[in-house]
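Read through the structure below, which is laid out as C-alpha cells, and then see the notes.
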Amino acid sequence: MLSRKTKYGLKALSYLAKQDRDIPVQISVISAKENISQKFLESILLSLRKTGFLGSKKGKGGGYYLLKDPKEITIAAVYRVLEGPIAMVPCVSLNFYETCEDCEDEHQCSVHKLMIQVRDNTLSILENTSLEEFVVTV
C-alpha cells in the first residue's frame, strides 16, 4: 500500500509541475491546494529537496520549485526516495535485497516467483512514467 507520505509527495510534485518553474511556491499554498497538513508537507518537501528534486528559496517570495524538467523525473525515483523499495518482499528487491529468513530456496519459492512478476510490472509502470505524464493523467 502506498503511504500517505508518498501520496502527498506525488501530489505536491504534480502541483509544482503545473506551476512556472522560475517562481517558488510557498508550502502554505501547496498545503491548502492539495489538502495536506503543512507540517507533514514540510518534511516531505525537505526530503525531496535533499535528494535533488526540489530547490527552495527563503524569505519574501520564497518557497519550493522543481529543479528538473518534469520530463526528467520518473515516478520510480520519487517513490524510492519517499517510500523505499518498490518490491513487496525483500528477496526480490533490486536495490534493497535481503534473503527471507523463512525461505530455504528462494528460486523454488512460489511467493518469490510471483513477487518478481509484481515487481517487474510495477517497476515498468513507475520507471516509464515521468512527472510530466503523471500530471497530464491526473
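The values are calculated or read from the model by the stated rules, or taken from the named source; none is laboratory data. This one's a predicted model, so the numbers in the text were calculated from it and none came from an experiment. Every residue, glycine among them, receives a Cβ derived from its backbone with ideal geometry; neighbour counts consider all protein chains shown. All accessible areas refer to the heavy atoms of the entire protein, side chains included, with ligands and DNA or RNA removed. Shrake-Rupley method; radii C 1.70, N 1.55, O 1.52, S 1.80 Å.
Results, tabulated for the structure shown:
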| quantity | calculated |
| --- | --- |
| Pair list, Cβ < 8 Å and 6+ apart or interchain, from segment 96-117 residues that are in contact (Cβ under 8 Å) with a residue 24 or more places away in the chain to residues that are open to solvent by 90 Å² or more (accessible area, probe 1.4 Å) | M115/M88 |
| Residue within segment 124-135 that is out of contact with any Phe, Trp or Tyr (no Cβ under 6 Å at 6 or more places or on another chain), surrounded by 13 or more Cβ atoms within 10 Å (Cβ to Cβ) and without any contact (Cβ under 8 Å) to a residue 24 or more places away in the chain present | yes |
| Residue check for I86: in contact with a Lys or Arg (Cβ under 7 Å, 6 or more places away or on another chain), under 29 Å from R21 (Cα atoms) and not assigned by TED's automatic domain parsing to the domain that holds K11 | yes |
| Residue tally, condition touching a residue at least 24 places away in the same chain (Cβ under 8 Å), in contact with a strand residue (DSSP E or B) (Cβ under 8 Å, 6 or more places away or on another chain) and closer than 20 Å to V81 by Cα, over segment 15-54 | 8 |
| Search result, residues across segment 84-112 that are surrounded by 16 or more Cβ atoms within 10 Å (Cβ to Cβ) and out of contact with any Pro (no Cβ under 7 Å at 6 or more places or on another chain) | P85, I86, A87, V89, C91, V92, E106, C109, H112 |
| Sole exception among (1) open to solvent by 90 Å² or more (accessible area, probe 1.4 Å); (2) over 17 Å from A76 (Cα atoms) for I36, by number | (1) |
| Hey, E72 over 18 Å from E133 (Cβ atoms), surrounded by fewer than 17 Cβ atoms within 10 Å (Cβ to Cβ) and of a type in the set (D, E) or not | no |
| Residue check for L114: of a type outside the set (D, E, K, R) and assigned by TED's automatic domain parsing to the domain that holds Y15 | no |
